[in-house]
Amino acid sequence: MIYIIKKMIRNILLKYGEKIGIDLPYFVKHGFFATMRQIVDLLAGLLLAIMFARFATKDVFGHYQFVIAIFSIVSILSLPGLNTSVARSAAIGKDGDYKNAVKKSFIYSLWGIPILFIIGVFYYLTQSQELGIAFAISSFFFPLFYAPNTWGSFLQGKGRFDVFFKFGSTQSIINAIITSIVVFLNQNNLLPIIFTYFITYTIFNAAYYFKSFKYVENDEKDPDAIKYGKFLTIMNIFQLLAENVDKIIVGLLMPASSLAVYGVISMIPVRLKNVFGYILNITFSKIASKNIDIKDLFKSNKKLPYIILFMSILIGLIYYVLIEKISYLFFGNGYSDFYQYSKIFTVFMMLLLPYSLLYIYANAKKMVKLIKSIYPFFFFIKLIVTVIFVYFWGLVGAVIAYNINAFILICLYLIYINRDSKKLGTF
């Protein structure tokens, strides 16, 4: 009986999947784990943000976000482009690149120790001793924080979203709970919070890296994997700067308390962006392993653009109606004067689907010329737009700039992807 029901469901999914050009059985099967993984991650992030907003001082919350933002930018030294390259290699059955990529990442990550330590010394001597010590603490965790976390990209490339869900959810839940407890017990002290955050993630990344070895099926290698990963890393310099430049600019031009406010009002949109990105990332291995052209997909499935448009508008409307109520529920009255700013992110929410799809498609297809053209150009645009808007309009300017920059990035993707794929080139 169960077998018959499963077969009926699969036939229905196949039927409607053919109409819109999507492998629905694959999407539903793996989408469940990807969705649940991101729901857990979203809830874990919300828990931590709620604890910061309700119990920690705005200065502690702002300094915490500033350390994480700088730490994320310095992560470029760990060659993060290797993650995408490993995922692609795993998707095409070349598992031998995995361990080699982690080894390369670890060696390069050692440079992060002196750099973060020097940043810490600078802040210790010039601005905040606590902030300086926090950077020094983060420096010692840097190599083991980023290098082993390639396990997630490898498992996704292998299509093992069930294992990725199990590992990642456990990591997120335990980290959020332990860090939240430390926030509650140390409301005015940044250092134990920073230490707890980094040590829990580091332990889990190392443990899951070794556990993932059981899913390595061969030693085959893509001769261009490391080279492509390094290329993506160079491009990621601008991407990482672009992703964190708003926090850095707010942190540099405004008090730490303002960065805490910006973190609260932007937290849900940014988290949802990550959720959409990871859920849609289940299409990565399909796109990478098959000759799928996005222009042909839309030409042969004329309903698909309308489906994406409808879903985008629906997401935006739901967000606009509920965001203030949700903010009050989660973060309390401490930041209530700024919840109205969250509504401005409605524009970004309506752009989430095309934003995520275009990014995944460009990376899966190794559109090198597109990546070379977009990332550096977009970073400088975002930097200029963000500085201008924050300088003249403060926090509300930062929010408006975020939406404008998202729209600009989508336009850049569409312009380049619309060109002939031969002109875009491959690696």
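The values are calculated or read from the model by the stated rules, or taken from the named source; none is laboratory data. None of these values were measured; they are calculated from a predicted model. Here Cβ is always computed from backbone atoms with ideal geometry, including for glycine, and neighbour counts include all displayed protein chains. The accessibility values were calculated without ligands, DNA or RNA, using every heavy atom of the protein model including side chains. Shrake-Rupley method; radii C 1.70, N 1.55, O 1.52, S 1.80 Å.
A simple rule links phi to the HN-Hα coupling: the Karplus curve 6.51 cos²θ - 1.76 cosθ + 1.60 with θ = phi - 60°, which for segment 376-381 gives x, 4, 5, 4, 5, 4 Hz, with x for Gly and Pro.
Heavy-atom accessible area for TRP393, with the other protein chains in place and a 1.4 Å probe, reaches approximately 140 Å².
Taking label positions 7 Å along the Cα-Cβ direction at both LYS230 and TRP393, the computed distance is 4.3 nm, reported to one decimal. A 1.4 Å probe over all protein chains sorts ARG88, ARG54, ARG271 by accessible area into ARG54, ARG271, ARG88, starting with the largest. In terms of its C-alpha gyration tensor, segment 140-260 has an oblate overall shape, because the principal axis ratio a/c (a ≥ b ≥ c, square roots of the eigenvalues) is not below 1.5 and a/b does not outweigh b/c.
Here the Karplus relation 6.51 cos²θ - 1.76 cosθ + 1.60, evaluated at θ = phi - 60°, turns the backbone of segment 207-219 into coupling constants of 5, 6, 4, 5, 5, 6, 4, 5, 9, 7, 9, 7, 10 Hz, with x for every Gly and Pro. Of the residues TYR228, SER212, PHE238, the one whose Cα sits farthest toward the positive end of the charge dipole of segment 196-241, with +1 on the Cβ of Lys and Arg and -1 on the Cβ of Asp and Glu, is PHE238. Using the Cβ-Cβ distance between PHE122 and LYS369 with R0 = 45 Å, the FRET efficiency computed as 1/(1 + (r/R0)^6) comes to roughly 0.75. How many angstrom separate the Cα center of segment 78-98 from the Cα center of segment 134-199? Distance between centres, Cα-based: 21 Å.
Per residue, segment 138-224 exposes 43 Å² of solvent-accessible protein surface, assessed with a 1.4 angstrom probe and all protein chains in place.
In this structure ILE381 has an accessible area near 40 Å², from a 1.4 Å probe over the protein heavy atoms. Applied to segment 189-195, the Karplus parametrisation 6.51 cos²θ - 1.76 cosθ + 1.60 on θ = phi - 60° returns per-residue 3J(HN,Hα) values of 10, 6, 4, x, 5, 4, 4 Hz, with x for Gly and Pro.
Note on exposure: ILE388, ILE248 ranked by accessible area (1.4 Å probe, complete protein assembly) read ILE388, ILE248, with the most exposed listed first.
Legend: residues GLU130, GLU217, sorted from most to least accessible area (1.4 Å probe; ligands, DNA and RNA excluded), read GLU217, GLU130.
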